[in-house]
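Presented below is the structure to which this report refers.
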Amino acid sequence: MSYTPEKTTILLDASGAPRFPYSAGMAAPPPAPALRVEQLAKRYGGCRALEGADLVVRAGETAALVGANGAGKTTLLKCILDLVLPDAGRIEIFGVPNRQPISRARIAYLPERFSPPHYLKGREFIEMTLTLAGSRYDQQNAERRLAELELDPAVLERPARQLSKGTTQKLGLAATLLVERDLYILDEPMSGLDPASRIAVKSALARLQREGRAVFFASHVLADAEELCSSLIVLDQGAVRFHAATAALRERYGEPSLERAYLRCITQK
């Protein structure tokens, strides 16, 4: 088959989109977002967890998913990761349907209730994580990430069962950050951390943003979202009530406080 500048056809990414005419004079199609969710729905029996959720996270963007307990945040993240099968809707990761395993090759994920095997030392857990991700363990890189999160290097030689909740959480985050990916999905990454540790984690997330990596994290803390994110997504009763910059939420409701604007968002349907 010959291709000419006057008329050619191209196949879009692995999303399975049909062929369409393309000519040399046309602008190249825009890059696919890091994450696209369209009309996602999920029920557990009679309980509605997600109902028509839509959102987009652009490549290189840091976006926060906020909502009350039971709003559907963890279910949404699990659907994105293909850990839970939605009843309806579409999910794409960098233009690839999330049901295709290759779509997750560009993702690093930290669950909310992170609990490493209790018998593994910190170093062994990180080695296992990197091996599963197709990477190799490097002592200097590991110590660099631990220092970034204000973790004592001695953690590498201690079994997980001896670590506090906050230290365990930071160990999981360190392992996640060592897996270099284009999109980081983090479920309550600062849960159980003291103020100094929260500052360290925020600094690490800001570094990812400077490097052009996309970060999508769930949180209950609006101050974290306001400090770190260019995009705020409010999830309430399984539906996205707001999706824009944090400043836009305050402007919509005429509130100087993001917390008050958030409360009006989820109470004024």
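Every number here is computed from the coordinates shown, using simple stated rules; none is lab data. Not measured: the values here are computed from a predicted model. Because the Cβ atoms are built from the backbone with ideal geometry, glycine has one as well, and the counts that use them run over all protein chains shown.
Observations on the structure shown:
- Taking 7 Å steps out from each Cα toward its Cβ at Arg136 and Ala248 produces label points 4.5 nm apart.
- Above-threshold pairs, the threshold being 23 Å between Cα atoms, out of Lys170/Lys202; Lys73/Lys121; Lys42/Lys78; Lys165/Lys202: Lys73/Lys121
- The fewest-to-most ranking of His243, His220, His118 by surrounding Cβ atoms within 10 Å reads His118, His220, His243.
- Residues Arg161, Arg58 in ascending order of nearby Cβ atoms (within 10 Å, fewest first): Arg161, Arg58.
- Note on segment 159-202: Kirkwood radius taken over Cα pairs, Stokes-Einstein applied at 4 °C and 1.567 mPa s, translational D equal to 116 µm² s⁻¹.
- Classified by the C-alpha gyration tensor, segment 91-214 has a prolate form. Its axis ratio a/c, with a ≥ b ≥ c, is 1.5 or above, and a/b is larger than b/c.
- For segment 170-226: rounded, prolate or oblate by the Cα gyration tensor [a/c cutoff 1.5]: prolate
- Point-to-point label distance, Arg207-Ser191, nm (Cα→Cβ direction, 7 Å offset): 2.4 nm
- Contour minus Cα-Cα distance for Glu180 and Asp54 (0.36 nm per residue): 42.7 nm
- Convex hull volume of the Cα atoms of segment 100-172, normalised per residue: 99 Å³.
- Arg144/Ser230 FRET efficiency (R0 25 Å; Cβ-Cβ; nearest 0.05): 0.40
- The chain: antiparallel DSSP beta bridges as a percent of all, rounded to 5: 55 percent
- 27 Å tail of the calculated P(r), the chain, as % of Cα pairs: 45 percent
- Computed helical MRE - 222 nm, the chain, DSSP H runs ≥ 4 contributing -39500 (n - 2.57), nearest 500: -9500 deg cm²/dmol
- Global form of segment 18-137, assessed from the alpha-carbon gyration tensor, a/c cut-off 1.5: oblate
- Take the Cα radius of gyration of segment 159-269 and divide it by 2.2 N^0.38 Å, N being the number of residues; the result is 1.19.
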